[in-house]
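Just so it is clear, none of the values below were taken in a lab; they were calculated from the coordinates. Only a predicted model underlies this, so the values are computations on that prediction, with no experimental measurement involved. Virtual Cβ from ideal backbone geometry, glycine too; neighbours counted across all protein chains shown.
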Amino acid sequence: MSTDYSEYERDFFNAVDRNTMAEQSIFDALSNIGDDQYYTLFEVQAEHVCGRSTIQVFPERAGTLYRCLNCGMAGIIGG
Ligand SMILES: [Zn+2]
């Protein structure tokens, strides 16, 4: 029972890690954008949970909205 639960937890934390790394990759791709790119929709290449992919991003001051064009996952990276 406890082993099963550890597996359950490990799966959960691995998924969180993968997503965190993907968001870091997207964030890194945005590290040298210009002020004029804020509040505009454009695309960057980043390592997503599904692999190397094109990501649509919409950077705002409070965070970055994103959508992966490969797997369709979308979300927001807190700024
Ligand atoms: Zn993806």
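Spin-label model, PHE12/PHE58: points 7 Å from Cα along the beta carbon direction are separated by 3.2 nm.
Do the sum for the chain: with -39,500 (n - 2.57) for every DSSP H run of n ≥ 4, divided by all residues, what is the mean residue ellipticity at 222 nm, to the nearest 500 deg cm²/dmol? Each step should come with its number before you reach the end.
Details: 1 runs with 28 residues, N = 79.
-12500 deg cm²/dmol, from helical runs alone.
Maximal additional length on extending the PHE42-MET73 stretch stands at 9.5 nm, based on 0.36 nm per residue less the C-alpha distance. The relative contact order of the chain comes to 20 percent, based on Cα pairs under 8 Å that sit 6 or more residues apart.
From least to most packed, judged by other beta carbons within 10 angstrom and beginning with the fewest, TYR66, TYR8, TYR38 follow the order TYR8, TYR38, TYR66. For the chain, the longest principal axis of the Cα atoms and the long axis of helix 2-29 meet at an angle of about 10 degrees. Taking every alpha-carbon pair within the chain, the share separated by more than 14 Å comes to 62 percent.
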